[in-house]
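**Student:** Below you'll find the structure I mean.
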Amino acid sequence: MAASRKRTILITGCSKGGAGHALALEFAAQGMRVFATARSTNSLSPLEEKGIEALALDVTSPESIASLKTEIAKRTGGQLDMLYNNAGSMYEMPAIEADADRTRAMFNTNVFGLFDMVSAFTPLLLASVSDSGHPPTIINVSSIVSRVPYAFSAQYNASKAAVASYSDTLRIELAPLGIKVVTLYMGQVSTGLTGPDNIEFGSQSLYDVVEQGVKERSRHHLQHSMKSEEFARQVVNEVLPNSGLPNSFTWKGMIMGLLKREHGFGFKSTNGGRATSFVHAETFTGLLSFVMHEDFIAKRIGQRANLLKRYSEFNADFEGWVESTWESDAAAA
Ligand SMILES: NC(=O)c1ccc[n+]([C@@H]2O[C@H](COP(=O)([O-])OP(=O)(O)OC[C@H]3O[C@@H](n4cnc5c(N)ncnc54)[C@H](OP(=O)(O)O)[C@@H]3O)[C@@H](O)[C@H]2O)c1
C-alpha cells in the first residue's frame, strides 16, 4: 500500500455558495486530494486557489461524465477513494400543478445523474479497495424531506426518497466488493438551492393564496438555516472517522438540531447515541399549518370543519407512521 498517497474525493455540484463548495474546502483542509466539479468552473476559482482541482461536470450528460472519468483516471492512476454525489436542484410547486418538463429535468439531475455517476466511478473506487486503509466510500445526498412530507415540493421530496432507496440497495450490493455507501439525510442548510424568486405558482394555481407563505418559508430557510461551512465541518467529521468505518446513515443540517432542542424528542438513538431517525408530528403540523392556513381552506374547500377533521385524522396516522419509521431505522442502523 502506498502509505503516503493522499486519499482522493470527487464532489459534484461545487458552485460557490453551495454545500459542495464548503465541503471541497473542508475535505481539502483535512488533507484529502479534492476534485471539485460544477457545470461551470467559473465559480470554482476560490477552490483552485486552495490547491483543489476544478473540473467541469454536468451529471445529466453521459459525455461529460465519461470525459471527467477519463481525466480523473489519468490524474490518479485509475483510482478514487470517495465519490460525493452532492449535485442537485429543487423545484417547489403544488404536487398536482408541477410542470412535467421541470420535474423530469430535476429527476435527471437528482436521481438519474447520480445513478450514472455511481456506475461510471465504481471501477475507480474498486481499484482503491486493496490500496487504501479505509474502504472506498460513496456518499449520496438525500434529504430529510425524503422522510418528512414537506408540502409544495412533492416531486423534489420524491427525488430524494429515490436516492435514499437506491442507496439502501446499493449498500448491500457493494458491501461484498469492499465499497461503503453512506446516505446523507441533509437538513436545512443556507445555500442557493431554494429562494423566493424561484417560486412561482401562477395566477391560475388552486393554491395561489398560499404562494406568499411558501416564499416566506424559503426566505426563512435562507436566513435561519445552518451555514454551509458548519454543515461541511460536521459532515467531514462524520464521514472521515479517525478510526473504524463511517456510519451508513448520517443526518446533518439544521432541522435535526431544532427538533432535538425545541421538542426534546423525536430522535431515536442507536450506535452509541448517534441520531438515526427523527420526525416529530407537531413540527410537521406546524409546517403545514404555516401554509395550509384557514383562508386557504375556507376559500378553496368550503367544508372547513370536515377538512380539519380529516387533517387531524391524518395527523394521528402520521404519528403511527413515525413510530414504525423509528423502529425500522433503528433496526437498519
Ligand atoms: N440546502 C438545503 O437545505 C438542502 C437540504 C437537503 C438536501 N440538499 C441537497 O444538497 C445538495 C447540495 O445543494 P445545495 O443546498 O448546496 O444547493 P446549491 O447551492 O444550489 O448547489 C447545488 C449544486 O448542484 C449543481 N448542479 C445542479 N444541476 C447540476 C447538473 N445537472 N450537473 C452538475 N451539477 C449540477 C449546482 O450547479 P449550478 O450552480 O450550475 O446550478 C450546484 O453546484 C443537493 O443535492 C440538494 O438537493 C440541500
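Bear in mind that the values in this text are calculations on the coordinates, not laboratory data. Model, not experiment: these values are computed from the prediction. Cβ: placed from backbone, ideal geometry, glycine included. Neighbour counts: every protein chain shown.
**Student:** Looking only at segment 112-123, count how many residues are within 11 Å of the ligand (Cβ to nearest atom) and buried (at least 21 other Cβ atoms within 10 Å of the Cβ). Give the derivation first.
**Tutor:** If we filter segment 112-123 for residues that are within 11 Å of the ligand (Cβ to nearest atom), which is where we start, we get 112-114, 116-117.
Narrowing further to those that are buried (at least 21 other Cβ atoms within 10 Å of the Cβ): 113-114, 117.
Total meeting the criteria: 3.
**Student:** For segment 9-22, name all the residues that are more than 9 Å from the ligand (Cβ to nearest atom) and either assigned to a helix (DSSP H, G or I) or touching an Asp or Glu at 6+ places or on another chain (Cβ under 7 Å) (or both). Explain how you work it out, then say what you get.
**Tutor:** Taking segment 9-22 as the starting set, the residues that turn out to be more than 9 Å from the ligand (Cβ to nearest atom) are 9-11.
Within segment 9-22, ILE9 is the sole residue that qualifies.
**Student:** Which count do you get for residues in segment 92-107 that are more than 16 Å from the ligand (Cβ to nearest atom) and assigned to a helix (DSSP H, G or I)?
**Tutor:** 4
**Student:** Does segment 38-91 hold any residues that are within 15 Å of MET117 (Cα to Cα) and in a strand (DSSP E or B), and which are they?
**Tutor:** Result: ALA38, LEU55, ALA56, MET82, LEU83, TYR84, ASN85.
**Student:** With the checklist (1) part of a strand (DSSP E or B); (2) of a type in the set (A, V, I, L, M); (3) out of contact with any Ser or Thr (no Cβ under 8 Å at 6 or more places or on another chain) in hand, flag the one item VAL182 doesn't pass.
**Tutor:** Only one criterion in (1) part of a strand (DSSP E or B); (2) of a type in the set (A, V, I, L, M); (3) out of contact with any Ser or Thr (no Cβ under 8 Å at 6 or more places or on another chain) is unmet by VAL182, namely (3).
**Student:** Which residues, counting only those in segment 26-66, are within 14 Å of the ligand (Cβ to nearest atom) and aromatic (Phe, Trp, Tyr)?
**Tutor:** Correct list: PHE35 only.
**Student:** Still on this model: Name the residue that is nearest to the ligand (Cβ to nearest atom), counting only residues in segment 124-163 that are free of Cβ contacts under 8 Å to residues at least 24 places away in the same chain and touching a strand residue (DSSP E or B) at 6+ places or on another chain (Cβ under 8 Å). Before you say what the answer is, go through the steps one by one.
**Tutor:** Let us first name the residues in segment 124-163 that are free of Cβ contacts under 8 Å to residues at least 24 places away in the same chain, namely 145, 157-158, 161.
Checking which are touching a strand residue (DSSP E or B) at 6+ places or on another chain (Cβ under 8 Å) leaves us with 145, 157, 161.
Details: VAL145: 7, ASN157: 10, ALA161: 12 Å.
Here the residue is VAL145.
**Student:** Can you name the residue in segment 164-173 that is of a type in the set (D, E, K, R) and surrounded by fewer than 18 Cβ atoms within 10 Å (Cβ to Cβ) and, of all such residues, is farthest from the ligand (Cβ to nearest atom)? Don't jump to the end; show me each part of the working.
**Tutor:** Taking segment 164-173 and keeping what is of a type in the set (D, E, K, R), we get 168, 171, 173.
Going one step further and asking which of them are surrounded by fewer than 18 Cβ atoms within 10 Å (Cβ to Cβ), we end up with 168, 173.
On the way: ASP168: 17, GLU173: 22 Å.
The extreme case among them is GLU173.
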